[in-house]
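One structure below.
What follows draws every value from the coordinates through simple rules; no lab data is involved. The shown structure was predicted, so the numbers you read here are calculated from the model rather than taken from an experiment. Virtual Cβ from ideal backbone geometry, glycine too; neighbours counted across all protein chains shown.
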Amino acid sequence: MKWLKAAIVGALAGLIMFILLAVAILRGVGLALVLWLIWMLIYSPVIGWGIFGFGGPNHELPSQAPLYIRAAGPYVAGTLLLHAIYGLILGWLDSRWINFSREAESS
């Protein structure tokens, strides 16, 4: 049960930080969404998964193949979620680094 309490506290702390640092975090999430679009529109077709995971030739590979993709929906949702988490972390760290550099310049 301790892990559940820690997860709840971490989620609440993350929510508070998101509210307090919304500007930098939104920039981080915006950057992550642009990277996700590049992933979906350029990288996915190049490796054979098709645009947004639909219609690529790798859907017909055997399931043991390293580039096999089962369904486009979980692929799109999963990569979007991971990019959003990346953007949240990046935005949070960006605001922390900016505050740190301002403190260093003022002293």
By the mean-Cβ-within-10 Å protection proxy, highest first, 24-36, 71-83, 43-55 rank as 24-36, 43-55, 71-83
According to a simple spin-label model (label point 7 Å from Cα along Cα-to-Cβ), what is the distance in nm between ARG70 and ARG27?
4.0 nm
